[in-house]
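To start, the structure under review is shown below, and the notes come after it.
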Amino acid sequence: MRPELPPGYHSPQFDADVRLNTNEFPEAPPERVYEELADAIVGIQLNRYPDRMATELRAALAEYHEVAAENVFCANGSNEVLQCLLLALGGPGKTAALFEPTYALHSHIARLTRTAIIEGERDADFLIDMDEFERLLSGTGGGTEPDLVFLCSPNNPTGRLEPESTVLEVLRRAQGIVVLDEAYAPFADTSAIALISEYPNLVVVRTFSKSWSLAGLRLGYAVSAGANVDALFRVALPYHLDALKQRAGVIALENEKAYDGRIDQINRERSRLSSELGALGVEVVPSDANFVLFHLLDHDAAETWRRLAEASVLVRDVSSWPRLAGYLRVTIGTRQENDAFLAALRGAL
Ligand SMILES: *Cc1c(COP(=O)(O)O)cnc(C)c1O
């Protein structure tokens, strides 16, 4: 019998003055990115199918990360990269290990592709404990190893950065593919991409949706050994990446300098918001990403979320997720947005 598919995954989209619920970058991309993209559109042959290999974009990403173009696979958001990974390497009879609480799409897409999930728990600090990893591996019985292990660092929704030693230990210990979701790595100024030459089982997944201010573009990519990139190309639909998007990605990368200071600004606001949250008597989880997870202690999370929404401030109610009863997650916005959130929370409490 086929297992039932889960319901679709949708972050609620509501109208609100202050939207701090989906970890987008609060500001539009730099003016120059818009200008160059507007100019570029005229030169794109829209009657022709796009370059199936996304040659220019992959070359630009390869240069950016100091790898070869053969090590790069691009797709419509990193979610599509994850879907391709699970289509290529997961599926019936295959298993994926992950540590809750983590990004819901990892288990969601695993279920959609009928990949069995082996669920581990993070420790009290929301970090991965190697004993728990061993328990997961032995708990699968009969020595079957997971075909895929999902890591996320900094992790969504906790914001915690996994120490490099953990990533290395998992890479050495795992027999299957290790998928490291680095959607928030630019905010922590760190990456495991340099490890791909040494670890052919490592797939690092990145996105333009957060630090590049381009969530609306839907562009993400994987960096990995050539054999894994080949496997991803085999399951991608023909011409899945449109010509405009390929060009837009190159333009963003070429204008990296215009993004200078943006991440520092978010990180400064994260420090400020974290200490102000602490002063309001909620418990803040230390974050290396562009959001903060906080525990409401003696206040009800769902009710607090509702009061914030009434004040036209949207945050993410994660209180029904595994291990997160009593928690909400707030994206770092502009200074004004963060102030509006803090004022609304003060009112709500
Ligand atoms: C936001 C986010 C993404 C981004 O997904 P896209 O499809 O690239 O927009 C990927 N992984 C994690 C953990 C995220 O939080």
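Annotations
- Counted residue by residue at 0.36 nm each, then reduced by the alpha carbon distance between them, the extension gain from Ala279 to Arg307 reaches 8.1 nm.
- Rolling a 1.4 Å probe over the protein heavy atoms gives segment 238-345 an accessible area of 42 Å² per residue.
- Whichever lysines have a C-alpha closer than 29 Å to that of Lys245, once near sequence neighbours (fewer than 8 apart) are set aside: Lys210, Lys257
- Using the Karplus relation 6.51 cos²θ - 1.76 cosθ + 1.60 with θ = phi - 60°, the per-residue 3J(HN,Hα) values for segment 66-72 come to 6, 10, 8, 4, 5, 8, 10 Hz, with x marking Gly and Pro.
- For the chain, share of DSSP beta bridges that run antiparallel, in % to the nearest 5: 50 percent
- Against the criterion of solvent-accessible heavy-atom surface with a 1.4 angstrom probe, Tyr327, Tyr221 sort, most first, into Tyr327, Tyr221.
- Rolling a 1.4 Å probe across the protein heavy atoms gives segment 11-74 an accessible surface of 67 Å² per residue.
- Of the Cα atoms belonging to the chain, the radius of gyration and Dmax stand at 20.3, 60 Å.
- Remark: the Ala104-Glu256 segment gains 51.7 nm on full extension, using 0.36 nm per residue and subtracting the alpha carbon distance.
- Extension gain (nm, one decimal) between Arg135 and Asp17, 0.36 nm per residue minus Cα-Cα: 37.9 nm
- Highest to lowest packing among 256-266, 291-301, scored as the average C-beta count within 10 Å: 291-301, 256-266
- On the chain, 49 percent of the accessible area sits on carbon and sulfur atoms, based on a 1.4 Å probe.
- Estimated from helical segments only, the mean residue ellipticity of the chain at 222 nm is -11500 deg cm²/dmol, where each DSSP H run of four or more residues counts as -39500 (n - 2.57).
- Segment 235-349 - convex hull of alpha carbons, volume per residue in Å³: 161 Å³
- Estimated FRET transfer efficiency when R0 is 30 angstrom, pair Asp39-Phe233 (beta carbons, to 0.05): 0.50
- On the basis of the beta-carbon distance and an R0 of 41 Å, Arg346 and Asp123 show a calculated FRET efficiency of 0.80.
The values are calculated or read from the model by the stated rules, or taken from the named source; none is laboratory data. All of these numbers come straight from a predicted model, not from anything done at the bench. Here Cβ is always computed from backbone atoms with ideal geometry, including for glycine, and neighbour counts include all displayed protein chains. Ligands, DNA and RNA are stripped out before the accessible areas are found, and what is left, the full protein with its side chains, is counted by its heavy atoms. Shrake-Rupley method; radii C 1.70, N 1.55, O 1.52, S 1.80 Å.
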